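Some notes on the structure that comes next.
The values are calculated or read from the model by the stated rules, or taken from the named source; none is laboratory data. On a predicted model such as this, the values are computed, not experimentally measured, just so you know. Glycine also receives a Cβ, built like all others from the backbone with ideal geometry; neighbour counts cover every protein chain displayed.
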Amino acid sequence: MKLRQILQISLLTSSICVLGGNPTLGEQVKDTQHTSTSLLAQSSTPDSAKPTEIIEVTAIKVNSTDKGVEIILETTKGDQLQVLNSQSGNSYIADIPNAQLRLPNNNTFRQEKPVAGITEVSVTNKDANSIQVRVTGEVSLPTVELFDGDEGLILSFVPVVASTPQPEQPITETPPQPEQPTSETSPQEQPSATSPQPEQPTSATPSEEPTSQTDEPIELVVTGEQDSGYKVPDASTATKTDTPLIEIPQAIQVIPRQVIEDQKVQRVADVLRNVSGVTVKTDYAGTDTYTIRGFDTNANLRNGFRQDSFTGFTDTATIDRVEVLKGPASVLYGQLEPGGIVNYITKQPLNQPYYSATFSVGSYDYYRPEIDISGPLNQENNIFYRLIAAYENSGGFRDFAYKELYTFAPSLSIKLSDRTNVDLQYEYVNLNQSYDRGLPPVSRSFDLPISFNFGEPSDRYELFANRINFALDHRFTDNWRFRSAVSVQIVDTARSNFQPLDFENPFAEDGRTVARRYNQVGDYSREYSWQNDLTGKFKTGPIGHEVLLGFELGRSVFGYPFRISYNVPTLDIENPIYGAAVPTTFDEGFEDESNSYRVGVYFQDQVALLPNLKVLLGGRFDFVNFRDEFNPDIINGAETEITRRYYERFSPRIGLVYQPIPNLSLYGSYSRAFRPNEFAVSEGGVPLEPESSTQYEVGVKGEFLDGKLTATFSAYEITKNNVATSDLNNLGSPFSIAAGEVKSRGLELDITGEILPGWNVIASYSHNDAYVTQDNNLPVGDRLVNAPRNSASLWTTYEIQTGNLRGLGFGGGVFFVGDREATLPNTITIPSFVRTDAAIFYKRDNYQIGLNFKNLFDIRYYDSTGFLLSPGAPFTVVGSVSVKL
């Protein structure tokens with residue numbers, strides 16, 4: 001290894017400490033430091049030319065040395081990284097203007113207190129073309145050396161430890177600094193580490209190379225699993241590339257793992273309460289569905305693959321982060337609702353040993369152990385594994401509630417060569433719990449206790465999910481990459497329950513007696529998908545391009561046999577008597593199975609017309625073959641009815657981003673989406689044309705506080721046409737026409753990041769007006785279901801950074817959801833609510849304990865499934881203990 005640069009910052013720091021009381025001399029020290037920085041910048045970037053090649057840093061390692069700690073930025077081109085150094089207080093800052101992080105999980109790295117004297121190490125993508133390394137000393141600025149090594153660029157730090165007395169360093173005895181060698185200087189021409197040097201104070205930069213070159217280092221941290229804070233600089237959902245969020249001409253929000261852990265989210269849907277424009281649709285079966293910008297989601301994504309939302313239970317243990325793309329997403333993912341899409345990004349194997357165990361207990365007999373271990377499997381360090389396992393057992397505030405959950409998720413990542421990776425993931429989920437339909441959408445329901453259940457203790461719900469992902473990733477060159485991935489998701493459920501016979505009018509004339517029925521249903525879904533993406537970077541003259549060419553084959557199967565018995569006892573809500581016998585015969589039954597075959601061809605070009613002016617162009621051709629088999633009477637063996645439909649659609653997107661300054665972008669976009677009218681037919685059984693949607697969006701994105709805090713403000717208008725509505729020429733028939741139209745327009749604000757060291761925040765506000773603009777049956781102007789006009793959230797945590805209370809933290813948040821309509825046409829309004837949560841925790845190097853308080857003031861509130869009402873949980877406490885090595 002050769003010594004690349006020696007930054008004797010400690011001499012300057014010592015001078016600052018001695019001369020702190022002398023403004024004149026202090027000014028001289030600042031000038032000296034500025035000169036040192038300029039010399040380094042010149043040696044790293046000859047002729048001050050802007051770098052033309054962006055070098056990828058694929059991993060971050062932190063190793064201890066006998067003098068301190070070293071940070072390794074892993075890359076094959078470490079000698080080409082250009083370093084511009086500066087300081088802020090006790091923090092050393094290195095800006096590298098020709099690099100980008102490309103880590104296995106989040107492209108953000110943070111480690112607190114790696115060694116004594118260092119409070120924090122962080123490496124982040126500062127913008128689309130640069131990395132920022134920040135190392136903060138506990139009592140003063142650490143000493144640093146930079147080296148080029150086989151693994152990449154190495155920054156070696158020697159901290160000043162508070163307990164170690166520092167020798168006095170008079171400014172008059174500071175030796176002159178040797179001239180910085182240029183990057184072209186040969187090792188023989190550079191100052192030798194063994195040549196005679198002026199005597200240096202104790203805190204000066206050590207002349208020898210880092211100890212890690214002679215001794216085996218101790219691995220301290222795990223790539224990708226550090227506390228990365230709340231800010232995530234990029235996401236793949238919007239473009240299928242690691243484009244910085246500030247350069248995407250569409251609103252997208254990312255909720256990192258740290259928020260999930262800080263809020264102790266027990267159900268993954270709850271974390272979406274932190275995102276503007278998203279309203280959670282909850283029921284007690286645990287399925288994850290949402291209303292985004294006024295429109296219900298008909299599917300979610302899992303690592304970019306379609307996941308049926310009706311049977312799509314997701315455990316938080318496997319989730320690394322949640323990405324929410326606002327607005328139409330058909331340009332990359334096919335037939336979807338126009339409000340947006342939720343993408344669950346799962347945890348990946350790590351290339352460093354990692355061991356984590358968490359145990360949580362809480363209200364209603366809740367307890368949950370969870371383990372997460374990862375690391376290399378062989379000495380060559382090219383096969384990595386991860387194993388996640390969780391078990392959950394709990395009751396609930398609803399009558400007869402119980403839940404038992406098993407999650408098991410192993411994964412492998414194999415590095416076949418420096419350019420080829422293979423990833424294999426498997427997840428098994430077994431959920432066994434009570435089945436609870438909630439409350440009917442009528443005013444009387446608001447008078448009932450939130451625990452009241454219209455069902456029986458025998459009601460049950462079982463889910464078995466098997467999900468497999470396989471991905472091959474190959475880089476032909478530094479600029480061209482091919483990825484081929486397969487996803488198989490097999491989910492089977494069984495549910496049986498008592499419920500009101502008629503949810504719209506559940507009560508008899510006496511206002512207390514409810515007629516009921518018994519259901520027995522076996523849902524199943526199969527999702528098969530094969531995606532192939534080719535991405536490349538090139539230039540046409542001065543114009544840069546990042547292109548994506550993609551091809552997808554997919555098949556979705558969803559079916560359910562449905563049996564109903566009407567021979568069940570009624571229920572008196574003022575004097576309920578439970579214990580009804582489960583019927584063994586059925587009065588009615590039907591079965592339905594739908595098969596959707598999809599072929600998608602898509603393209604995208606991210607064009608850099610100027611360094612601060614970028615255009616996004618994209619489109620997707622979809623070919624959908626839909627087949628539905630419906631048997632109206634499986635009790636008596638009726639003949640199956642078969643319906644076939646075929647669709648061809650093109651979904652375009654165009655966006656423009658202008659950055660007047662690097663940390664601020666102005667954007668505008670136009671996009672379209674489509675979704676088949678799968679079950680609606682016109683007279684003669686002719687299928688309706690698909691629903692089509694158009695969105696116009698403009699916005700502002702900014703990064704503040706040295707890029708630690710991000711904000712997005714957006715305004716949008718979405719129009720959905722071809723909505724199925726009644727055929728006025730065939731009233732009373734099942735026929736429809738595609739003449740309906742709905743509209744959604746609104747404003748959104750999202751803020752995420754770190755305000756001060758240890759102070760994180762995630763906040764949102766949304767104003768949305770979603771309503772019917774044309775229909776033959778629904779009143780024009782009626783608001784869409786579960787779409788509040790106003791909603792907002794604020795969650796923040798603060799962890800004490802120094803002193804005897806270091807590691808002690810507090811958190812709190814409020815979640816406001818305005819009043820919503822429960823039905824179309826609008827007949828019942830769900831009241832608005834403000835829920836308050838709080839947390840207290842204590843973190844040390846390898847463990848954390850905490851208490852979370854949810855619904856602190858025990859307010860009554862209701863979520864909605866889009867039809868039924870789901871009372872929210874009352875005041876709840878969750879305690880947790882976790883150990884990470």
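Could you say whether any residue in the range 804-824 is surrounded by 22 or more Cβ atoms within 10 Å (Cβ to Cβ) and not in a strand (DSSP E or B)? Looking through the range 804-824, at least one residue is surrounded by 22 or more Cβ atoms within 10 Å (Cβ to Cβ) and not in a strand (DSSP E or B).
When restricted to residues that are in contact (Cβ under 8 Å) with a residue 60 or more places away in the chain, closer than 20 Å to Tyr402 by Cα and more than 13 Å from the chain's Cα centre (by Cα), the range 256-311 contains 8. Would you call Ser451 under 20 Å from Gly396 (Cβ atoms) and surrounded by fewer than 22 Cβ atoms within 10 Å (Cβ to Cβ)? Criteria met by Ser451.
For the range 577-595, a residue qualifies if it is surrounded by 14 or more Cβ atoms within 10 Å (Cβ to Cβ) and not aliphatic (A, V, I, L, M), and the qualifying residues are Tyr578, Pro583, Phe586, Glu588, Gly589, Phe590, Glu591, Asp592, Glu593, Ser594, Asn595.
Residues in the range 764-790 that are crowded, with 19+ Cβ neighbours inside 10 Å and either under 15 Å from Ser276 (Cα atoms) or of a type in the set (Val, Ile, Thr) (or both): Ser764, Ser766, Asn768, Ala770, Val772, Val785, Asn786, Ala787, Pro788.
Tell me whether the range 729-745 contains one or more residues that are surrounded by 21 or more Cβ atoms within 10 Å (Cβ to Cβ), at pLDDT 95 or above and not in a loop (DSSP other than H, G, I, E, B). Among the residues of the range 729-745, at least one is surrounded by 21 or more Cβ atoms within 10 Å (Cβ to Cβ), at pLDDT 95 or above and not in a loop (DSSP other than H, G, I, E, B), which makes the answer yes. Applying the criterion of being within 18 Å of the chain's Cα centre (by Cα) and either hydrophobic (A, V, I, L, M, F, W, C) or surrounded by fewer than 19 Cβ atoms within 10 Å (Cβ to Cβ) (or both) to the residues of the range 746-763, the residue that is farthest from Gln263 (Cα to Cα) is Leu749. Just one of the listed residues (Asp863, Asp837) is under 20 Å from Arg444 (Cβ atoms), of a type outside the set (A, V, I, L, M, F, W, C) and assigned to a strand (DSSP E or B), and it is Asp863. For the range 454-492, name all the residues that are part of a strand (DSSP E or B) and among the small types (Gly, Ala, Ser). Across the range 454-492, the qualifying residues are Ala465, Ala471, Ser484, Ala485, Ser487. Apart from one condition, Ser212 fits all of (1) at pLDDT below 75; (2) of a type outside the set (Phe, Trp, Tyr); (3) assigned to a loop (DSSP other than H, G, I, E, B); the exception is (3). Here the range 47-65 is the region considered, the condition is being within 24 Å of Val115 (Cα to Cα) and out of contact with any helix residue (DSSP H, G or I) (no Cβ under 7 Å at 6 or more places or on another chain), and the residue that is modelled with the lowest pLDDT is Ser64. The criterion of being in the same structural domain as Phe452 (by TED's automatic domain parsing) and surrounded by 19 or more Cβ atoms within 10 Å (Cβ to Cβ) holds for Tyr862. Selection within the range 521-550: residues that are loosely packed, with under 15 Cβ neighbours inside 10 Å and among the hydrophobic types (A, V, I, L, M, F, W, C). The member of this set that is nearest to the chain's Cα centre (by Cα) is Phe538.
Could you run through the range 389-425 and say how many residues are of a type in the set (Asp, Glu), under 21 Å from Gly304 (Cβ atoms) and surrounded by fewer than 17 Cβ atoms within 10 Å (Cβ to Cβ)?
Residues of the range 389-425 of a type in the set (Asp, Glu): 392, 399, 404, 418, 423.
Still in the running and under 21 Å from Gly304 (Cβ atoms): 423.
Subsequent filtering for residues that are surrounded by fewer than 17 Cβ atoms within 10 Å (Cβ to Cβ) retains none.
Residues in the range 389-425 being of a type in the set (Asp, Glu), under 21 Å from Gly304 (Cβ atoms) and surrounded by fewer than 17 Cβ atoms within 10 Å (Cβ to Cβ): 0 in total.
Being over 30 Å from Pro353 (Cβ atoms), without any contact (Cβ under 8 Å) to a residue 60 or more places away in the chain and of a type in the set (Val, Ile, Thr) is a property that Ile468 lacks. The single condition among (1) touching a helix residue (DSSP H, G or I) at 6+ places or on another chain (Cβ under 8 Å); (2) at pLDDT below 95 that Lys701 does not meet is (2).
Tell me whether the range 590-605 contains one or more residues that are within 30 Å of Gly655 (Cα to Cα), among the β-branched types (Val, Ile, Thr) and within 43 Å of the chain's Cα centre (by Cα). Among the residues of the range 590-605, at least one is within 30 Å of Gly655 (Cα to Cα), among the β-branched types (Val, Ile, Thr) and within 43 Å of the chain's Cα centre (by Cα), which makes the answer yes. Within the range 95-113, is even one residue crowded, with 20+ Cβ neighbours inside 10 Å, in contact (Cβ under 8 Å) with a residue 60 or more places away in the chain and either more than 25 Å from Gln352 (Cα to Cα) or more than 27 Å from the chain's Cα centre (by Cα) (or both)? No: zero hits.
Does Val442 fit the bill of being β-branched (Val, Ile, Thr) and either modelled with pLDDT of 95 or more or at positive phi (or both)? So that I can check it myself, show each step before the final result.
On the way: β-branched (Val, Ile, Thr): yes; either modelled with pLDDT of 95 or more or at positive phi (or both): no.
When the stated conditions are applied, Val442 does not pass them.
In the range 434-444, the qualifying residues are those that are surrounded by fewer than 21 Cβ atoms within 10 Å (Cβ to Cβ) and not hydrophobic (A, V, I, L, M, F, W, C), and the one that is farthest from the chain's Cα centre (by Cα) is Arg444. Candidates Tyr355, Tyr344, Tyr385, Tyr366: the one that is under 30 Å from Leu856 (Cα atoms), surrounded by fewer than 20 Cβ atoms within 10 Å (Cβ to Cβ) and of a type in the set (Phe, Trp, Tyr) is Tyr366. Evaluation of Phe498 against the conditions (1) assigned to a strand (DSSP E or B); (2) closer than 27 Å to Asp399 by Cβ; (3) modelled with pLDDT under 95; (4) among the aromatic types (Phe, Trp, Tyr) shows that the sole unmet condition is (3).
Would you call Phe305 among the hydrophobic types (A, V, I, L, M, F, W, C) and within 24 Å of Val486 (Cβ to Cβ)?
Details: among the hydrophobic types (A, V, I, L, M, F, W, C): yes; within 24 Å of Val486 (Cβ to Cβ): yes.
So Phe305 passes the test.
Taking Ser445, is it assigned to a loop (DSSP other than H, G, I, E, B) and either among the small types (Gly, Ala, Ser) or closer than 28 Å to Gln379 by Cα (or both)?
On the way: assigned to a loop (DSSP other than H, G, I, E, B): no; either among the small types (Gly, Ala, Ser) or closer than 28 Å to Gln379 by Cα (or both): yes.
No: the conditions fail for Ser445.
One residue stands out among those in the range 430-439 that are part of a strand (DSSP E or B) and out of contact with any Lys or Arg (no Cβ under 8 Å at 6 or more places or on another chain): the one that is modelled with the highest pLDDT, which is Asn430. Note on the range 524-555: among residues that are out of contact with any Phe, Trp or Tyr (no Cβ under 8 Å at 6 or more places or on another chain) and among the hydroxyl-bearing types (Ser, Thr, Tyr), the one that is farthest from Arg483 (Cα to Cα) is Thr540.
Please verify whether Ile830 is over 24 Å from the mean Cα position of the chain (by Cα) and under 18 Å from Val278 (Cβ atoms), treating the condition exactly as stated.
Details: over 24 Å from the mean Cα position of the chain (by Cα): yes; under 18 Å from Val278 (Cβ atoms): yes.
Judged against the criteria, Ile830 is a match.
Identify the residue in the range 791-802 that is in contact with a Ser or Thr (Cβ under 7 Å, 6 or more places away or on another chain) and not hydrophobic (A, V, I, L, M, F, W, C) and, among all such residues, is nearest to Pro757 (Cα to Cα). It comes out as Gln801.
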